[in-house]
Every structure is written in C-alpha cells, then in structure tokens.
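One structure is given here, and the rest of the page talks about it.
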Amino acid sequence: MALTSDDLIRRSASSVPAPATKLPEVAKLIDVSKCIGCKACQSACIEWNDLKPAVGENSGSYQNPPDLSPDTWTLMKFTEWDNPATGNLEWLIRKDGCMHCSDPGCLKACPAPGAIVQYSNGIVDFVHENCIGCGYCVKGCPFNIPRISKVDEKAYKCTLCSDRVSNGQGPACAKSCPTQAIVFGTKEDMKKHADKRIADLKSRGFAQAGLYDPAGVGGTHVMYVLHHADQPEIYAGLPKNPAISAVVEVWKGATKYAGLAVVGLAAAAGFVHHLVAGANRVTREDEENAAKLKEKA
Amino acid sequence: MSNAGPTPEASYRVTRYTTAARLNHMVTAASLVLLAVSGMALFHPSLFFLTGLFGGGAMAREIHPWIGVVLFFGFFGLFFRFWKANLPEKGDGEWLKSGGAVLGGHEENLTEIGRYNAGQKLVFWSMSALILVLIASGLAIWDEYFFQYTSIDTKRIAVLAHAIAAIVAICVWIIHLYAAIWVRGTMDAMTKGSVTGGWAWRHHRRWLRESIGGKSADGGNVTPAE
C-alpha cells in the first residue's frame, strides 16, 4: 500500500490532521564497522532512483563524486584517521545521506506548502511539484544534505526509497549491500540489532562503540553503529550534537509571528490615528499667508 | 491645525520634485511594493497564496531578487538626489520632541521646517540603512547565482537579517505612505511634482521662504527639493 496523505504527520508551511492510524517507525541502520566501501549502495541508489550523475573525476580519493549532489543522494565518505590511542591508521567509511530526522530542519524552514512532508513511519520526503527552489531546506538542515538542481532549480535528497518502503521493500542501498552493513526494518528492531552489534564491537576492543541516533533532532530514521561513537565528527564531520540551528528556530519561530504582528500593528496605528486626528489639511489661512509671502519676495 | 473644511484653492504652486526625481521614486516605490508582496509570501505560510500574483512560488522566488536589484539601484538614485537635504540640522530635535503636537496636526508653533522635517529624514536614513542590509543579506541567500560564496551558517544569519530588515522596512514604508495620505496635498508632490503655496507654508515654511526668496512674484520656477 502506497504512502498517502493519510499517513502524513507533518507538511511544510501547512498543517495536516493527525493520522487515524500511525505506521510503525522505520529506520535504516548503517554499521560503519561492517562497511567495505564498495559503493554498491551508491550505484543501487542511482539505479533505483534513475539518477544520472555525470562521469566523475578522480580527486585523489576513493570518495567520488566529492560531495552529495542533486543526483547523488548517498555518498561513501572516506576518512583516513590516525587513532592517537593506538597509533593505528583507521580507514573510516561512512555512507552519507539524509538522516530522516524526527524533527526535520528542512521541513521547518520550507516556505512552500507541501513541498516537504513527513510520514508517520518517519520518512521525510521532498515533493518536487510543490518545491520552489528557494534553498531554505539547505539552511534548515543540520546535516548539510539537500542539494538544489541547476537543471530544474528544485531540491533533492535521499527519499529512504519511500516508493519501495511503501510496498514492503527495503531501500535500494540496503538491498544491494554485500556485507549487510546497511539493514532496514522497524526502528525498534534496528535498535535491537544495533545493541547486538555494539556488544560485539565492545567485546573486540571498541570500548566506545555505540549507536548514533541523535536526540537533538528527536532521533533519526537513519542511524549509524559507530566504533568511535564518542567522537562522531571523525567520520567525515558527522555532527556530535546536531540540532536545528538556533538562528533558523528564531527565523521560523518568533520572527515569523512577530513580523506579521508588527506590520499589522503599524497599519492599524495609521488607521486609528486618522480616525482620531482627522486629515491634516491646508487651510485658507495657509494659502493666504503663502500668497503674502510671495508678494513680499 | 486640522480642519474639516474643503481644501482651499491654491494661491500658487511650488515645484517640489523634478520629473526625473518623480520617475526615480516611482520605480523605487513600485519595486518596493512588489518586493514586499513576494517577500511576505515566502515569509509566512498564510501569505504564500500571494505568489500567485507572480506566476507561482517558483516564479516569485526567481523574480524577487531581480526586483531587489531594481530597488537597490532605484534607491541609490534617490539617495544621491536627496541625501544633502536630509542632513540633520537645528530644529530636528525640537520637531522630534514635539511628536505629540505634530501627530495632532499642530505644527504652527514649531520652528519653521526646511525641505524635510526630522520624521522625513528618519524615513530617509532608516530606509538607506535597511536597504543596505537587505541587498547584502539578499545576495548571500541568492543561491541560484551566489551559493558558493558564503557558508550555510552565514546564509542562516543572512536569511534572518533579511526577514527582520524587511519587516522594519515595510513598517517604515507604512509610516511614509500614511504620512503622505494623512497630510493632504502631499501626494501632489509625487503625482504633479508641485505642491500648493499653502501646503509649503504650512509644512515646510523655511523651504518655501528659501524657494521663493530671490524670485519675483510672477510664479517663476523655484528650486525643487533636490
């Protein structure tokens, strides 16, 4: 059964009635310790979503293309990290893409009604026919994910394969992963699965192994198992405590309401003043005085 | 003093603005209104429907910054026409302190006003400052052409500054427009380029004296406020 407007819990620049029944929350769990950097997920994403990124250029890293783009919705980010505790060089590979936040900054920032929606299963989706290409989602996102296309000036990002998920399938990236570093299921199951993986990592010397499901954005529907969960920023800048920027909160909170109120008050003040004071008219006396002045000149 | 009687016949007319200044003002005014409408539409969801006037949300987003460029250069023209006449002078403080009398329509006991009163000067200088903030912050969030020049953190601050400056500018514009409506005869300055002698006597007496000072009484041209 496809996801419909009945399954919406949030809709940008508009409101939706609470859904009668909520879908179970889903999540994609990415275990970076099992990732071999093969990029099958990147290829599967391009294939399933019919993206056509241009042929890239080698920039001296396995990371290719260098960044997410309107037609690269997921990207393996490679980091060579010197572990100061062990002196070992660790090759960290993190599959970057939309985190599907419970409190999505993109949706909060979006001015176009219905251009960004959130389903009760947790998926945050862009509805391109409603997108106006303003780039506010880029400013709202704490993870720097949305990209605006130069072709149609609309915003693009991972959909968590909402079209597959709504038909009982997992996302294309999870389906293609040869090591099952990417798994998909209900968020509850994924947390349980993560617990086992973390216990295993801890038993093998990764004392700081843990789950990345940041509370600052209400938790995410893409989670990571990290072997160094105490320092997520070493994984190509994964933010430690992501949250919607305070500037964005002020812009989309107090400013939005106070702004309209102030403009309304200014107009009302003029109206009331005119009612009370009446028009400020030139009198016959003024004209006579002006005429006298001119005669003297 | 405000009175309810009909507007008396003009004793004579005084040129207040040149045609070029009026055209310059009209272009600036029209772009400011279009910017306010398209900007407010993207600012508050309840006003998003206003994007329909521009051909939809994407068109409003596309056209808004271009109108902003027109406003900037339009205002730039106004700035250089009028900045000297808006420099502070003696009497501005008194005018501001007598806000109550002015708002009540009782200007008769104040020091004679030159080309602009302190309120008009405040409109002029606040708009000058606000438009600088708006163009600078606006360029920072004109992602279609300038995305790569600023960081996302900078853009967040810019988008907030843009919204706040725009709200204040709209309020200043409301004051500007309301004053022109309330003080009858003012609109003539923009629609005709001239005001009646009585209007000038009542509201800008020193400017009137200076304007007709060296002239004969035959109604020859007097210096416009430019």
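The values are calculated or read from the model by the stated rules, or taken from the named source; none is laboratory data. All values derive from a computational prediction rather than experimental measurement. Positions of Cβ are generated from backbone atoms using ideal geometry, with glycine treated the same way; all protein chains shown enter the neighbour counts.
With respect to the stated conditions, B:Val27 fails to be in contact with a His (Cβ under 6 Å, 6 or more places away or on another chain), more than 11 Å from chain A (Cβ to nearest Cβ) and under 23 Å from B:Val168 (Cα atoms). Taking the listed residues A:Lys296, A:Lys240, A:Lys252, A:Lys292, the one that is charged (D, E, K, R), under 30 Å from A:Cys110 (Cβ atoms) and surrounded by fewer than 17 Cβ atoms within 10 Å (Cβ to Cβ) is A:Lys240, with no other qualifying. Here A:Ile234 meets the list (1) over 21 Å from the mean Cα position of the chain (by Cα); (2) of a type in the set (A, V, I, L, M, F, W, C); (3) within 17 Å of A:Leu92 (Cα to Cα) almost entirely, failing just condition (1).
The residues of segment B:170-211 that are more than 10 Å from chain A (Cβ to nearest Cβ), assigned to a loop (DSSP other than H, G, I, E, B) and either over 15 Å from B:Arg115 (Cβ atoms) or among the aliphatic types (A, V, I, L, M) (or both) amount to a single one, B:Lys192.
Each row is one residue, and each column tells you yes or no for (1) over 25 Å from A:Val248 (Cα atoms); (2) touching a residue at least 40 places away in the same chain (Cβ under 8 Å); (3) buried (at least 19 other Cβ atoms within 10 Å of the Cβ).
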position	(1), (2), (3)
A:Ala20	yes, no, no
A:Val26	yes, yes, yes
A:Asp50	yes, no, no
A:Gly60	yes, no, no
A:Tyr119	no, yes, yes
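Of all residues in segment A:131-153, those satisfying the criterion of being in contact (Cβ under 8 Å) with a residue 60 or more places away in the chain and closer than 19 Å to A:Ala13 by Cβ are A:Lys139, A:Gly140, A:Ile148.
When the criteria are applied in full, A:Val138 fails the requirement of being within 20 Å of A:Ser69 (Cβ to Cβ) and buried (at least 24 other Cβ atoms within 10 Å of the Cβ). Within segment A:274-288, residues that are facing chain B (nearest Cβ under 7 Å) and more than 11 Å from B:Thr7 (Cα to Cα) have Cβ atoms under 7 Å from residues that are assigned to a helix (DSSP H, G or I) and not basic (Lys, Arg) in these pairs: A:His274/B:Trp182; A:Ala277/B:Leu103, counting only partners at least 6 apart in sequence or on another chain. Can A:Met190 be described as in contact (Cβ under 8 Å) with a residue 24 or more places away in the chain, out of contact with any Gly (no Cβ under 7 Å at 6 or more places or on another chain), part of a helix (DSSP H, G or I) and hydrophobic (A, V, I, L, M, F, W, C)? The answer is yes for A:Met190.
Screening segment A:16-126 for strands (runs of 3 or more DSSP E) wholly inside it with 3 or more residues that are of a type in the set (D, E, K, R) returns the ranges A:75-82, A:89-96. Quick check: anything in segment A:61-76 among the hydrophobic types (A, V, I, L, M, F, W, C) and over 17 Å from A:Arg147 (Cβ atoms)? Taking every residue of segment A:61-76 in turn, none turns out to be among the hydrophobic types (A, V, I, L, M, F, W, C) and over 17 Å from A:Arg147 (Cβ atoms).
Residue under question is B:Leu78, and the condition is that it be in contact with a His (Cβ under 9 Å, 6 or more places away or on another chain) and either assigned to a strand (DSSP E or B) or free of Cβ contacts under 8 Å to residues at least 60 places away in the same chain (or both); does it hold? Yes. Highlighted here are the helices (runs of 4 or more DSSP H) found entirely within segment B:81-169 that include at least 1 residues which are within 14 Å of chain A (Cβ to nearest Cβ) and surrounded by fewer than 21 Cβ atoms within 10 Å (Cβ to Cβ): B:99-103, B:118-140, B:143-146. Taking every residue in segment B:1-22 that is within 8 Å of another protein chain (Cβ to nearest Cβ) and part of a loop (DSSP other than H, G, I, E, B) and pairing it with any residue that is modelled with pLDDT under 75 and surrounded by fewer than 17 Cβ atoms within 10 Å (Cβ to Cβ), at least 6 positions away or on another chain, the pairs with Cβ-Cβ distances below 8 Å are B:Tyr12/B:Gly219.
Please find, among B:Ile175, B:Ile167, B:Ile212, the residue that is closer than 30 Å to A:Cys110 by Cα and either aliphatic (A, V, I, L, M) or at pLDDT 95 or above (or both).
B:Ile167
Here B:Pro45 meets the list (1) surrounded by 14 or more Cβ atoms within 10 Å (Cβ to Cβ); (2) within 22 Å of the chain's Cα centre (by Cα); (3) free of Cβ contacts under 8 Å to residues at least 12 places away in the same chain almost entirely, failing just condition (2). For segment A:257-272, residues that are within 7 Å of chain B (Cβ to nearest Cβ) and out of contact with any helix residue (DSSP H, G or I) (no Cβ under 7 Å at 6 or more places or on another chain) total 1. Examine segment A:150-162 for a residue that is assigned by TED's automatic domain parsing to the domain that holds A:Ser12, assigned to a helix (DSSP H, G or I) and either modelled with pLDDT of 95 or more or within 28 Å of A:Ser120 (Cβ to Cβ) (or both), and state whether such a residue exists. Within segment A:150-162 (the criterion being assigned by TED's automatic domain parsing to the domain that holds A:Ser12, assigned to a helix (DSSP H, G or I) and either modelled with pLDDT of 95 or more or within 28 Å of A:Ser120 (Cβ to Cβ) (or both)), the answer is yes, since at least one residue qualifies.
One residue stands out among those in segment A:201-212 that are in a loop (DSSP other than H, G, I, E, B) and in contact (Cβ under 8 Å) with a residue 24 or more places away in the chain: the one that is surrounded by the most Cβ atoms within 10 Å (Cβ to Cβ), which is A:Ala209.
The combined condition, being of a type in the set (A, V, I, L, M, F, W, C), more than 14 Å from every other protein chain (Cβ to nearest Cβ) and surrounded by 14 or more Cβ atoms within 10 Å (Cβ to Cβ), is not fulfilled by A:Phe143.
Assess whether A:Gly133 counts as being part of a loop (DSSP other than H, G, I, E, B) and touching an Asp or Glu at 6+ places or on another chain (Cβ under 7 Å). Yes, satisfied. The set of residues in segment B:48-71 that are without any contact (Cβ under 8 Å) to a residue 60 or more places away in the chain, at the interface with chain A (Cβ under 8 Å from one of its Cβ atoms) and surrounded by 18 or more Cβ atoms within 10 Å (Cβ to Cβ) comprises B:Phe48, B:Thr51, B:Gly57, B:Ala58, B:Ala60, B:Arg61.
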